[in-house]
Amino acid sequence: MGPLAGLRVIEMAGIGPAPMCAMLLADMGATVLRIDRRGPSDLGIPGELKYAVHNRSRNAVAVDLKKGEGIELVLELVGKADALIEGFRPGVMERLGLGPEVCLARNPRLVFGRMTGWGQDGPMAHAAGHDLNYISLSGAAAAVGRAGGPPVPPLNLVGDYGGGSLYLALGVLAAIFEVHKSGKGQIIDAAMVDGAASLMSAFYGMYAANTWTLERGTNILDSGAFFYDLYECADGNYISLGFIEDKFLEQGLKLLGIDQSEMPPKMDRVRWPEAKVKIAARVKTKTRDEWRAIMEGTDACFAPVLNLAEAPKHSHNVARKTFVEVDGVVQPAPAPRFSRTPNATPTAPREPSAESLLDWGVASTRIASLRKLGVLG
């Protein structure tokens, strides 16, 4: 099931953005085989395997990549794949004997997706780093935070997953589309710093137009505006108000019980703090559920701020089946949705199994031989 049914992808096991990219492809129906290293590894799995949600919906096999037979096995699989994705530092795949030149020689139609933080070249290409470092270099980290306060890490959504996983998936699928025209594969250089910068495109445009300041918490979308922020309720919970457009602002203030004539002009930035004080005081008079009863489902651009335990239980998410439960673990369902080729229900992460190779046309006798040689775990 899914629009990518029939697509075959090799995933070199790793952590963070590359596994999520593989999850997205598998969620949409691609047959993904994860190549785990045989022996101890740090793949960021939190306890039981079932909690490694990014590893769902695909098989895995443990291969000793220090043995020539292991490398040859991976190259055999590459010959049958549409794409390979890896998230190592530049040069690691080459040292293993699985660099893009070798793989493309085996399969000229292969799309070789490379996921790094800094990119395949540049003065920082070989340095260690994490999401926070990549979004810092892109300009994103400096823009997130309250006025007068320090930058606030936006989880690892902007670098690892937004700027990494999604751009790698987009690049891989775009290159696969191009293969149908040229018959030739290519290498995808997906860098998280590039992706995070790309996500900031609109803000760079606004900054160039002098409609965005460099001071955090003073702009429309960064908590500066009174009409776009999170407000604390009487019970300590929060609600989000995002009535940017005039007609939504009018309805939002009406439902809050605030006379619009008592508020400053919407774009009078000097008086935004004054307006925020007024709204904050009003929101504090009711609990989050009381505000939900008044504002939820209206055009006031309202939503309660829910935590990880609450979000799956909200009636809208329940109705849309936005979350699913797999092996007792509540997790987001595959997205986006397709009308004619719907995604399959995710399956729990699986332990590496040599039998996974059967689906890739590797004979059982060959699997047994590789086991005896210590190539397969």
task: Would you grab the residues whose amide H sits under 5 Å from the one on LEU110? Only those 5+ places off in sequence or on another chain, please, with H modelled 1.01 Å from N.
output: GLY185
message: Once each part is reduced to its C-alpha centroid, what is the distance from the stretch 230-294 to the stretch 154-207 in angstrom?
response: 37
message: Is there a quick way to get the dipole size of the chain? I mean about its Cα centre, with the Cβ of Lys and Arg at +1 and of Asp and Glu at -1; what is the value in debye to the nearest 20?
response: 660
statement: Helix 68-78: inclination vs the chain longest Cα principal axis, degrees, rounded to 10, gives 60
query: Reported to two decimal places, what Rg/Rh ratio describes the stretch 45-131 when computed on Cα atoms with Rh from the Kirkwood expression?
result: 1.00
- line: Between ALA348 and residues 5 or more places away or on another chain, the pairs with built amide H atoms under 5 Å apart involve SER57
- line: Here the Kirkwood hydrodynamic radius of the stretch 107-229, Cα-based and in Å, equals 15.9
- line: Under the helix-only model (-39500 (n - 2.57) for each DSSP H run of 4 or more, divided by the residues of the chain), the mean residue ellipticity at 222 nm, to 500 deg cm²/dmol, is -9000 deg cm²/dmol
query: Between THR345 and THR322, what length comes free when the chain is fully extended (0.36 nm per residue of separation minus the Cα-Cα distance, one decimal in nm)?
result: 7.1 nm
- prompt: Can you list residues whose amide H is under 5 Å from PHE323's amide H, if they're 5+ apart or on another chain and H is modeled 1.01 Å from N?
  reply: ALA333
- prompt: Applying the Karplus parametrisation 6.51 cos²θ - 1.76 cosθ + 1.60 with θ = phi - 60° to the phi angles of the stretch 321-337, what ³J(HN,Hα) value in whole Hz is obtained for each residue in order, glycine and proline being reported as x?
  reply: 6, 5, 10, 10, 10, 10, 6, x, 10, 6, 8, x, 6, x, 9, x, 10
query: For the residues PHE203, PHE177, what sequence is obtained by ranking on other C-beta atoms within 10 Å, fewest first?
result: PHE177, PHE203
field: Positive minus negative residues near THR298 (Lys, Arg vs Asp, Glu; Cβ under 14 Å)
entry: -1
task: Net charge near LEU241: determine it from the other residues with C-beta under 14 Å of the C-beta of LEU241, scoring Lys and Arg +1 and Asp and Glu -1.
output: +3
Gaussian network model of the chain, Cα within-10 Å springs - most flexible of GLY119, GLY149, GLY14: GLY149
message: Given the C-alpha atoms of the stretch 261-377, compute the convex hull and give its volume per residue in Å³.
response: 237
field: For the chain: relative contact order, % (alpha-carbon pairs under 8 angstrom, 6 or more apart)
entry: 21
statement: Placing each pseudo-label 7 Å from Cα in the direction of the beta carbon, ALA281 and LEU358 end up separated by a distance in nanometres of 7.2
statement: Summed over the other residues with a beta carbon less than 15 angstrom from that of PRO90, with K and R at +1 and D and E at -1, the charge totals -3
field: 3J(HN,Hα) from dihedral phi, the stretch 11-18, Karplus parametrisation 6.51/-1.76/1.60, rounded to Hz, x for glycine, proline
entry: 10, 7, 4, x, 10, x, x, 5
task: Return the sequence-ordered ³J(HN,Hα) values of the stretch 116-131 in whole Hz as given by the Karplus equation 6.51 cos²θ - 1.76 cosθ + 1.60 applied to θ = phi - 60°, using x for Gly and Pro.
output: 9, x, 9, x, 7, 9, x, x, 9, 4, 9, 7, 5, x, 9, 2
message: For the stretch 229-306, what are Rg and Dmax over the alpha carbons, in angstrom?
response: 11.7, 33
- prompt: Once both axes come from the Cα atoms, what is the angle between helix 246-256 and the longest principal axis of the chain, in degrees from 0 to 90, rounded to 10?
  reply: 70
task: Determine the relative contact order of the stretch 305-377: mean sequence separation of Cα pairs under 8 Å and six or more apart, normalised by residue count, in whole percent.
output: 16
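FYI, it's all coordinate maths here, none of it is from the lab. Just so it is clear, the model here is predicted, and its values are computed rather than measured. Using ideal geometry, Cβ is built from the backbone for each residue, glycine included, and neighbour counts are taken over all protein chains shown.
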